[in-house]
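The values are calculated or read from the model by the stated rules, or taken from the named source; none is laboratory data. Note that the structure is a prediction, hence the values are computed from the model and not measured. Cβ atoms come from the backbone with ideal geometry, glycine included; neighbour counts cover every protein chain shown. Please note that ligands, DNA and RNA were not included when accessible areas were found on the heavy atoms of the full protein model with its side chains. Shrake-Rupley method; radii C 1.70, N 1.55, O 1.52, S 1.80 Å.
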Amino acid sequence: MSAKETGKEVMELSGEERAARFKEAFASYDGKALAQSANQFSLMMMAAHGENPDLASEAFPAIETALADIDFGKMREAIMALLDYGGAVVSKALEEGLANPVVIANLVGVLPPLANSLIDALAVLLDNLDLPAEILASALFNVLSALDAEKLGHVLSEISKQLNLLHAGNYILGGDEPRLRAVFTEFTKKVLDNMDADVVAKALVALGEDGEIIAGVLVDLLARDPELIDTMAWASVELTNTVARVLANALSRVAEWPDEVLAVLGKEGRILDTVEMGRAADSFVTYALRLREANPGLHRELYTRALQPVNTESVEVHLRAVAGDLKAAAVAHPGISKALEPEEMGRRVNEMLAGFNKAASPAGVKEYLSRVFSEIDSRELEVAVRNIAGGVVDGLFANAQAAKSILKAVASSAWKLTKNMVGLLVKR
């Protein structure tokens, strides 16, 4: 009977009859026999390995002979032909199948049940892995202990060696210029020539907008569950604490390194190409200036739009609160509070004055200031001083009460200064 006839016969059966057929088919499997077969295979492999553990390596001469006699050139062509046939068959099948919406709908309809089956299997696995902490940890530790760490280290070394050889070959093949530059340039050019940049850009924007929606939904759902918010906050704080401890412990160990290790680090640090870093910074500044020149008013427009939504009163309140908190924290710190004591401030001023006097001289200060003032436009300076002085005077006398208070304070201070100076001269 053909497969088509068999299928027709099965479809003509009732649901109960089809279920009976399936049950009859699976009932023929002997689970005990299958288990015995698996056990016999295990015993056979154990016995074979116990009698001759080098069986696989002894088969190497046959493998070596086979490798010597195989025509790999023909094998390569055969594999390429097979891949060509396979690619053509798959392409044709996809072309014909995807042209039919019914086929597409049925294939896509398989995905949710498949995913659900995998999720169910994973759920069962995780449910049955609900072991005591010590047993689960012991199992993991046993796995780590059984791994061949020496061979893993050897593999990593060999991979690194191959990467180094690849890097060296890149320069050997390229001569004056790395070969990778030309190869990668040609590859990238072909990709870009065959890529619709507008479509890709729109896809990225679409992904960003979808991500915005997802993030908004998640935030809304979190806001509805205070307990979940508390859990997430606790996890974030604990993670931050862990990272802080890792950094603190690592830096503490680094600070204890011996001088010879630090000397080696300094020796290696001398080859740091700070010239290129400086050139990069200069190039960025040049780019920023050229961007500004090519787009007059752009930065001002962006800054204005960015500052418009800002509530300056809230910012002021926040900055005042932050300043107060920082002041309280600084005063509470023994080292900072000690450094702010008058005696300490005076000592530091003395040190700065001594350092300045050691480095400076009257002739040097005179020459420096002479060169500065020689470059200043005296007319512009006169106008600036006149504007400032005139503005201050006009501002003071615009409010008679304020002007009176300021003049009174200035006169009082001048009188105290004069009286103290005269008293000092009399004593001397």
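Compared with the dominant principal axis of the Cα atoms in the chain, helix 149-174 is inclined by about 70°. Averaged over its residues, the chain has an accessible area of 89 Å² per residue, based on protein heavy atoms and a 1.4 Å probe. Accessible area per residue was computed with a 1.4 Å probe on protein heavy atoms; Ser236 scores about 70 Å². Among the trypsin sites (Lys or Arg not before Pro) within region 168-261, which fall in a DSSP loop and have no more than 16 other Cβ atoms within 10 Å of their own Cβ? Answer in residue order: Arg224.
The orientation-averaged projected area of the convex hull spanned by the Cα atoms of the chain comes to 52.9 nm².
Spread over its residues, the convex hull of the C-alpha atoms of region 1-138 is 328 Å³ per residue.
Partner lysines whose Cα lies under 20 Å from the Cα of Lys23, excluding those fewer than 8 positions away in the same chain, are identified as Lys8, Lys32.
The angle separating the long axis of helix 400-427 from the principal Cα axis of greatest extent in the chain is about 70 degrees.
Compared with the dominant Cα axis of the chain, that is its longest principal axis, helix 362-375 is turned about 80°. Length gained on full extension, Glu96 to Leu125, computed as 0.36 nm times the residue gap minus the Cα-Cα distance: 6.5 nm. Only protein heavy atoms count here; on that basis, with a 1.4 Å probe, Ser145 has an accessible area of about 100 Å². Between Gln40 and Leu407, the distance separating the two model label sites (each 7 Å from Cα on the Cα→Cβ line) works out to 12.2 nm. Accessible area of Ile70 (1.4 Å probe, protein heavy atoms only, ligands and nucleic acids ignored): about 70 Å².
For Lys366, a cut-off of 18 angstrom between C-alpha atoms picks up these aspartates and glutamates, skipping any fewer than 8 places away in its own chain: Glu375. Counting only DSSP H runs of at least 4 residues, each contributing -39500 (n - 2.57), and dividing by the residue count of the chain, the helix-based mean residue ellipticity at 222 nm comes to -29500 deg cm²/dmol. What distance in nm lies between label points placed 7 Å from Cα along the C-beta direction at Glu256 and Lys416? Reported label-point gap for Glu256 and Lys416 is 5.6 nm. Modelled spin labels at Leu222 and Glu316, positioned 7 Å past Cα toward Cβ, are 3.3 nm from each other. Multiplying the residue separation of Ala59 and Ala294 by 0.36 nm and removing their Cα-Cα distance gives an extension gain of 77.2 nm. Seen from all directions on average, region 310-428 presents a Cα convex hull projection of 15.1 nm².
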